[in-house]
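Working notes for the structure below.
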Amino acid sequence: MLGKKLNRNAVKTLTLAEGEVRCLTHLPAYVRVRSGYAWITYKGKDIVLSPGEMAEFEPTRNMTIVTPVLTRRAGPLEIEIHEN
């Protein structure tokens, strides 16, 4: 991720509360967690991102599933979706 420039014009913000699940069918290039913790299932593998962390995703025909990981201090999950 270091050295890559993000397109700030193609950023969407998504907020998920407890119990919400979002399926991303048009995969973004990057997902960055602004607050909360994200559980992401991508190509059959699970990853958890903390605030400030970012993950890069390649195009896939499968859905990518995003859900908040609840902790006492986390609050709602807020992520940035950066598209190329």
Out of Gly3, Gly36, Gly52, which single residue is at pLDDT below 90 and small (Gly, Ala, Ser)? Gly3
Collect the residues in region 43-54 that are within 20 Å of Leu70 (Cβ to Cβ) and either hydrophobic (A, V, I, L, M, F, W, C) or surrounded by 11 or more Cβ atoms within 10 Å (Cβ to Cβ) (or both), keeping them in residue-number order. Ile47, Val48, Leu49, Ser50, Pro51, Glu53
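The values are calculated or read from the model by the stated rules, or taken from the named source; none is laboratory data. Quick caveat: nothing in here was measured; it's all calculated off a predicted structure. Note that each Cβ is placed from the backbone with ideal geometry, even for glycine, and that neighbours are counted across all protein chains shown.
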